[in-house]
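The values are calculated or read from the model by the stated rules, or taken from the named source; none is laboratory data. For clarity, every value in this text was computed on a predicted model and none was experimentally measured. For neighbour counting, all protein chains shown are included, and Cβ atoms are generated from backbone atoms with ideal geometry for every residue, glycine included. SASA here: full protein model, heavy atoms, side chains in, ligands and nucleic acids out. Shrake-Rupley method; radii C 1.70, N 1.55, O 1.52, S 1.80 Å.
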Protein chains: 2
Amino acid sequence: MDEPRWLNENEMAAWRGFVAATNLVARHLERQLKDDAGLSHTQYEILVQLSAAPDGSLRMTDLADRLITSKSGLTYQITQLEKAGLVGRRSCPSDVRGVFAEITEEGWRVLREAAPGHVAAVRAALIDVLTPEQLTGLADSLGTVSDRLRATDG
Amino acid sequence: MDEPRWLNENEMAAWRGFVAATNLVARHLERQLKDDAGLSHTQYEILVQLSAAPDGSLRMTDLADRLITSKSGLTYQITQLEKAGLVGRRSCPSDVRGVFAEITEEGWRVLREAAPGHVAAVRAALIDVLTPEQLTGLADSLGTVSDRLRATDG
DNA sequence: GCAGAACGGTTCAAATTTGAACCACCAGGA
DNA sequence: TCCTGGTGGTTCAAATTTGAACCGTTCTGC
């Protein structure tokens with residue numbers, strides 16, 4: 001039981017900044033999306049991921065990995081979006097167990113409708129308040145962090 | 001309805017990195033704290049904030065602002081922590097409506113117990129994977145983001 | 001003083017999230 | 001072929017989170 005290496009001032013500032021920015025941005029965008037498009041950020045992200053996939057569909061597990069949520073959480077949200085008609089489920093030909101989530105026409109429409117406002121909010125909160133150099137540095141640092149965690153946590 | 005300013009490659013990388021790092025770090029620390037100390041990250045943060053306050057206590061609203069959660073959410077968590085004996089409630093002398101949350105001896109004990117493992121996890125996930133220069137840049141950028149959002153969102 | 005607005009916390013119902021248990025089903029070796 | 005160990009998704013109960021409604025209290029301007 002060694003004496004732990006506490007954070008120095010510089011490290012603490014980075015950590016507090018990370019936690020604060022994380023929560024503030026999340027809350028801000030959550031509200032913006034809910035108010036302007038009636039979607040939660042999770043739901044919006046689902047639509048984005050599906051829309052970016054080759055044929056507008058992804059396997060449940062694949063999608064859960066990208067969203068970084070639990071499998072059961074995804075099942076719940078897909079069911080909600082299905083009720084709303086924004087996505088559908090399709091079974092996988094090569095694996096009976098498999099399920100594809102697929103964005104519908106209506107899903108595309110809602111996404112197109114929501115995107116401009118969301119991008120504007122992301123700009124206002126994060127992008128446009130930083131210099132291009134800062135953005136590059138941020139992308140670089142957070143990319144490293146993500147890669148490491150994906151490697152260790154799976 | 002102007003054409004929205006979409007994100008360029010650099011901006012998109014920063015944004016995706018932010019979202020990914022945010023979720024991955026949150027999930028990682030949530031698990032670490034739950035496994036090692038039986039606390040949620042929110043609960044841990046409550047203890048940290050109280051322990052750092054002058055006399056180990058803060059007004060509910062003040063605490064909610066620092067944690068960036070809703071008032072009702074804080075009421076719930078303080079109740080949980082109170083049941084567990086880690087914090088107590090004290091009424092405010094100068095304002096009958098006011099309530100102080102106060103860390104208890106047991107709360108201090110649990111916090112001291114949990115801190116080393118948590119700091120180690122924070123180091124492994126964020127601090128030690130970056131250079132000091134990156135950390136400074138990160139603190140700077142995210143500090144800016146937080147300040148702006150606090151100013152606009154309140 | 002006093003009416004009315006704003007504040008500080010709690011309560012409530014509804015939505016979401018999580019992990020564990022479960023149920024088929026695929027894959028690989030004996 | 002037949003086990004056996006994972007895999008892919010769903011189901012379930014329990015914990016958490018949120019916003020709106022609420023209630024007494026404090027503050028303001030008049």
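If you put a point 7 Å past Cα along the Cβ direction, how far is that point for B:PRO4 from the same point in each other copy, in nm, smallest first?
Output for B:PRO4: 4.1 nm, nearest copy listed first.
One quarter of the convex hull surface, Cα atoms only: what value does that give for the range B:58-118 in nm²? Before the final figure, lay out each step's value.
Working: hull surface 18.4 nm².
It is 4.6 nm².
To one decimal in nm, how far is B:GLU82 from the same spot in the other copies, if labels go 7 Å from Cα toward Cβ? Please give the shortest first.
List, nearest first: 4.2 nm.
Give me the dipole magnitude in Debye, nearest 20, for the protein assembly as shown about the Cα centre, with unit charges on the beta carbon: positive for Lys and Arg, negative for Asp and Glu.
Numbers: 34 positive and 44 negative charges, 181 e Å.
Once rounded to the nearest 20, the dipole reads 860 debye.
At 1.4 Å probe size, with the rest of the protein present, what percent of the exposed accessible area of the protein assembly as shown is carbon and sulfur atoms? The partial results should precede the final answer.
Numbers: 8390 of 15970 Å².
Carbon and sulfur together cover 52 percent of it.
Work from the charge dipole of chain A (Cβ charges, +1 for Lys and Arg, -1 for Asp and Glu, about the Cα centre) and give the residue of A:GLY38, A:VAL48, A:GLN134 farthest towards its positive end.
Selected residue: A:GLY38.
What percent does the relative contact order of the range A:10-153 come to when contacts are Cα pairs within less than 8 Å and at least six residues apart?
Numbers: 110 pairs, mean separation 31.4, N = 144.
It comes to 22 percent, rounded to a whole number.
For the range A:10-153, what does the accessible surface come to per residue with a 1.4 Å probe? Please give it in Å².
Details: 6840 Å² over 144 residues.
Roughly 47 Å² per residue, with all protein chains present.
Residues with amide H under 5 Å of B:PHE100's amide H, sequence separation 5 or more or different chain, H placed in the peptide plane at 1.01 Å from N; which?
B:ARG90, B:SER91, B:CYS92
Using only protein heavy atoms and a 1.4 Å probe, report how much of A:THR69 is accessible, in Å² to the nearest 10.
Around 60 Å² of this residue is reachable by solvent.
Apply the Kirkwood formula to the range B:1-50: the hydrodynamic radius equals the inverse of the mean of 1/r over all pairs of different alpha-carbon atoms; give it in Å with one decimal. Spell out each step's value before the answer.
Working: mean 1/r = 0.0749 Å⁻¹.
Taking every pair of different Cα atoms in the range B:1-50, averaging 1/r and inverting gives 13.3 Å.
Would you please state the base-10 log of I(q)/I(0) at q = 0.10, 0.11, 0.12 1/Å for the protein assembly as shown, with intensities from the Debye formula using one equal scatterer on every alpha carbon?
These q points yield log10 I(q)/I(0) values of -0.65, -0.78, -0.92.
Just to be sure I follow: if Rg is taken over the C-alpha atoms of chain B and Rh is the Kirkwood radius over the same atoms, what is Rg/Rh? Walk me through the intermediate numbers first.
Values: Rg = 18.5 Å, Rh = 17.8 Å.
When Rh is taken as the Kirkwood radius, the ratio is 1.04.
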